[in-house]
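The values are calculated or read from the model by the stated rules, or taken from the named source; none is laboratory data. This is a predicted model, so every value here is computed, not measured. Methodologically, a virtual Cβ is constructed for each residue, glycine included, from the backbone with ideal geometry; neighbour enumeration extends over all protein chains shown. Remember, those area values only see protein heavy atoms, side chains included, never the ligands or the DNA or RNA. Shrake-Rupley method; radii C 1.70, N 1.55, O 1.52, S 1.80 Å.
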Amino acid sequence: MGKSVSYHESLIERLKNPVYAAAYIEAILEEKDPEPNLLKAALQDVAEALGNEQHLAKLDRILSVEGSAEIYNLSLWLEELGLKLTVTVKSDENE
């Protein structure tokens, strides 16, 4: 019997793809009634997958529970205007 891969390990592997990571964050931002720490946990997963764990302390400060709520409120506010907050992969400036 082979060794099973944990959900977290599998998620981190998928999040190494920047397009998947962007879609993952965007899906979290579209949550209608999100848990307070959902966005923070998703961004921590993306930081881990993309090798930017040194930014986690900064993320902790930015996304306190209150900070997360503000981002969701911004998203809802934009939605009421017929707009949408999105996350995309940064393109290479040389292209």
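Against the conditions (1) in contact (Cβ under 8 Å) with a residue 12 or more places away in the chain; (2) open to solvent by 50 Å² or more (accessible area, probe 1.4 Å); (3) out of contact with any Asp or Glu (no Cβ under 9 Å at 6 or more places or on another chain); (4) part of a loop (DSSP other than H, G, I, E, B), where does Thr86 fall short? Just the number, please.
So the condition that Thr86 fails would be (3).
Can you give me the number of residues within the stretch 46-65 that are open to solvent by less than 60 Å² (accessible area, probe 1.4 Å) and either among the β-branched types (Val, Ile, Thr) or touching a helix residue (DSSP H, G or I) at 6+ places or on another chain (Cβ under 7 Å) (or both)?
Residues flagged as open to solvent by less than 60 Å² (accessible area, probe 1.4 Å) and either among the β-branched types (Val, Ile, Thr) or touching a helix residue (DSSP H, G or I) at 6+ places or on another chain (Cβ under 7 Å) (or both) within the stretch 46-65 amount to 6.
For the stretch 1-42, how many residues meet the condition of being over 21 Å from Trp77 (Cβ atoms) and either without any contact (Cβ under 8 Å) to a residue 24 or more places away in the chain or in a helix (DSSP H, G or I) (or both)?
Summing the residues that are over 21 Å from Trp77 (Cβ atoms) and either without any contact (Cβ under 8 Å) to a residue 24 or more places away in the chain or in a helix (DSSP H, G or I) (or both) in the stretch 1-42 gives 24.
Scan the stretch 24-32 and give yes if some residue there is of a type in the set (Phe, Trp, Tyr) and either exposed (fewer than 13 other Cβ atoms within 10 Å of the Cβ) or in contact with a Pro (Cβ under 6 Å, 6 or more places away or on another chain) (or both), otherwise no.
No, the stretch 24-32 has no match at all.
Considering only residues that are open to solvent by less than 90 Å² (accessible area, probe 1.4 Å) and without any contact (Cβ under 8 Å) to a residue 40 or more places away in the chain, which ones fall in the stretch 66-83?
Result: Gly67, Ser68, Ala69, Asn73, Leu74, Leu76, Leu78, Gly82.
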